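Peer 1: Sharing a structure with you now.
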Amino acid sequence: MSKYSKRIQSLSESATIAVATLARKLQAEGRDILSFSAGEPDFDTPKVIKEEAIRALNSGFTKYTSVAGIPELLEAISQKLKRDNNLSYEPKEIIVSNGAKQSLFNAFQALIDDGDEVLIPAPYWVTYPELVTYSGGKPVFINTNEEYGFRARGIDFENAITSKTKAIVLTSPSNPTGMIYSKDELEDIAQVAIKHNLWVISDEMYEKLVYDGEFVSIASLNDEISKRTITINGLSKAVAMTGWRMGYAACKDKNLVKLMDNLQSQCTSNINSITQKASVIALNGSADTDIEYMREAFRERRDVACDLIEEIAGISVVKPQGAFYLFINIQNVKGFNGDSMRFCKELLEKVGVALVPGSAFGMDGFVRMSFACDLEQIKEGLDRISRFIREH
């Protein structure tokens, strides 16, 4: 008999968190490290949100709440989805969790039986396949390419479907590429999901951070796709609330939402009560000016970074349409043969720059660089990368 469960031993540490932790450790030891590994805005949470949290604390709003969330928060999410995304969800079709990771965990646990297959376009956020595997399912990767903007087409999903396929995972804007699915592309994918009676898990965490193109929620296309979509979102990225731990899932299947509620009731119960009060302000438009300020700052950083990368021989990048990541092609850097892990290790050791290898996202030959940091750090980091490539 194994000392530990097979299920827990199958779970790997998040590569992005591992790199960020190593960078912090080296910094604590006195090394001059520039970390571009974590997907965390460098901005503070908007003042209007913090003030609401202080009011909640001072008023004694520090007790348990219902598992799914307080009524005013569920209503605020419902109104936000209708206003911003043309999505109609009743409060009882929504559940608030400790970040979008728990929302995803709840969804996979509620949906996936042993052997069920989940289609995931690669490159993908590192957590998706881990959660599918932990739930007893099998992640099936849909390979994409740089020429098509790292987006999977409806036919790509169609060709990967088997009798065991249960769900499709979509991320738009994408982590790690920042690319956005157009309405036409989503309609093709929706037709496939409807035809084969598949669930769609739509991760829309970066929807407020769009610089080019238009963001569309797949569930907004028609009633049929709405019925089989779980919309995942939260406040970590666009509202700079990473540490507050607020994510949510919305689904027309009330039975599924109840199952997720049951699971959450047995593991974490409700999220922080003070976070819930503050989140109402973050969702009702009171922080929109702050959100727009951050979006414009990210856009400027993206543009500067992409211009600088064009000047560095051996690497290239497709300009992201959203989010705050650059998925940089290193396949032409001499001496590495596209080995992203070795590239990142040597880059960290020799010039003190922390990136995340593309292999962690299911696509070697690339590295992910977050531009959720100030312009001077971006310029210095890319200067070090340029020097590293030249000297190598």
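Peer 1: Run the paramagnetic zone check for GLU292: 7 angstrom along Cα to Cβ, then residues of the range 81-103 with backbone nitrogen under 18 Å.
Peer 2: 83-85
Peer 1: Further question: Taking the full set of protein chains and a 1.4 angstrom probe, give the accessible area of GLU52 in square angstrom, rounded to the nearest 10.
Peer 2: Rounded to the nearest 10, that gives 40 Å².
Peer 1: What nm distance separates the two modelled labels at LYS3 and SER88, each placed 7 Å from Cα along Cα→Cβ?
Peer 2: In this crude label model, LYS3 to SER88 measures out at 5.7 nm.
Peer 1: What order do you get for 323-330, 286-293, 88-95 when each peptide is scored by the mean count of other beta carbon atoms within 10 Å, highest first?
Peer 2: 323-330, 88-95, 286-293
Peer 1: Related question: With θ taken as phi - 60° and the coefficients 6.51, -1.76 and 1.60, list the Karplus ³J(HN,Hα) couplings across the range 83-88 in order, rounded to whole Hz; mark glycine and proline as x.
Peer 2: Result, rounded to whole Hz: 5, 8, 10, 6, 10, 10.
Peer 1: Tell me, what is the FRET efficiency for ASP223 and ASP32 to the nearest 0.05, using R0 = 41 angstrom and their Cβ-Cβ distance as r?
Peer 2: It comes to 0.15.
Peer 1: Quick one: pull the percent of accessible area on the range 150-286 belonging to carbon and sulfur, 1.4 Å probe, ligands and nucleic acids left out.
Peer 2: C and S atoms contribute 43 percent here.
Peer 1: On to the next question. So for the pair ASN337, ASP374, with labels modelled 7 Å out along Cα→Cβ, what separation do we get in nm?
Peer 2: 4.2 nm
Peer 1: Going through the range 149-253, which GluC sites (Glu not before Pro) have at most 11 other Cβ atoms within 10 Å and a DSSP loop state?
Peer 2: GLU214
Peer 1: Roughly how many Å is it from the Cα centre of the range 195-250 to that of the range 292-357, as a whole number?
Peer 2: So the separation of the two Cα centres works out to 26 Å.
Peer 1: Carbon and sulfur: what percent of the range 1-97's accessible surface (1.4 Å probe)?
Peer 2: The nonpolar share, carbon plus sulfur, comes to 54 percent.
Peer 1: Picking from THR133, SER66, ALA53, whose Cα lies most toward the positive end of the charge dipole for the range 45-134 (charges on Cβ: Lys, Arg +1; Asp, Glu -1)?
Peer 2: ALA53
Peer 1: Rounded to whole Hz and in sequence order, give me ³J(HN,Hα) for the range 363-373 from the Karplus expression 6.51 cos²θ - 1.76 cosθ + 1.60, θ = phi - 60°, writing x for Gly and Pro.
Peer 2: 8, 6, x, 9, 9, 9, 10, 7, 10, 8, 8
Peer 1: Then there's this: Dipole of the chain, Cα-centred, from +1 at each Lys and Arg C-beta and -1 at each Asp and Glu C-beta, to the nearest 20 debye?
Peer 2: With only Lys, Arg, Asp and Glu charged at Cβ, the dipole is about 1180 debye.
Peer 1: What order, most packed first, do the peptides 262-273, 365-376 have when packing is the mean number of other Cβ atoms within 10 Å of each residue?
Peer 2: With the highest mean Cβ count within 10 Å placed first, the list reads 365-376, 262-273.
Peer 1: Taking 0.36 nm per residue of sequence separation and subtracting the Cα-Cα distance, how much length would be gained by fully extending the chain between TYR64 and GLN266, in nm to one decimal?
Peer 2: The span from TYR64 to GLN266 would gain 71.3 nm if fully extended.
Peer 1: Normalised by the residues of the range 40-180, what does the relative contact order come to in percent, with Cα pairs under 8 Å and at least six apart?
Peer 2: 18 percent
Peer 1: Using the charge dipole of the range 194-302 (Lys, Arg: +1 at Cβ; Asp, Glu: -1 at Cβ; taken about the Cα centre), state which of ILE274, ALA238, LEU259 has its Cα farthest towards the positive end.
Peer 2: Towards the positive end, the residue furthest out is LEU259.
Peer 1: Follow-up. Would you mind classifying the range 140-290 by shape? Square roots of the alpha carbon gyration tensor eigenvalues, ordered a ≥ b ≥ c; an a/c under 1.5 is rounded, otherwise it is prolate if a/b is larger than b/c and oblate if not.
Peer 2: oblate
Peer 1: Remind me, relative contact order of the chain in percent, using alpha carbon pairs under 8 angstrom and six or more residues apart?
Peer 2: 22 percent
Peer 1: Taking H as built 1.01 Å from N, whose amide H comes closer than 5 Å to the amide H of GLU90, not counting residues under 5 places away?
Peer 2: Hits under the 5 Å cutoff: none.
Peer 1: Another question, then. List the residues, sorted by chain then number, that are 5 or more residues from VAL353 or on another chain and whose placed amide H is less than 5 Å from its amide H.
Peer 2: Residues meeting the criterion, in which the H sits 1.01 Å from N, are LEU34, LEU348.
Peer 1: Along the charge dipole of the chain, Cβ charges K/R +1 and D/E -1, which of SER78, ALA110, PHE324 sits furthest on the positive end?
Peer 2: The residue sitting farthest along the positive end of the dipole is ALA110.
Peer 1: Could you state the accessible area per residue of the range 1-120 in Å², with a 1.4 Å probe and every protein chain left in place?
Peer 2: I get 54 Å² per residue for this part.
The values are calculated or read from the model by the stated rules, or taken from the named source; none is laboratory data. The model shown is predicted, which means the values in this text are computed figures rather than measured ones. Don't worry about glycine lacking a Cβ; one is built from the backbone with ideal geometry, like all the others, and counts go over all protein chains shown. Surface accessibility is based on the protein's heavy atoms, side chains included, excluding ligands, DNA and RNA. Shrake-Rupley method; radii C 1.70, N 1.55, O 1.52, S 1.80 Å.
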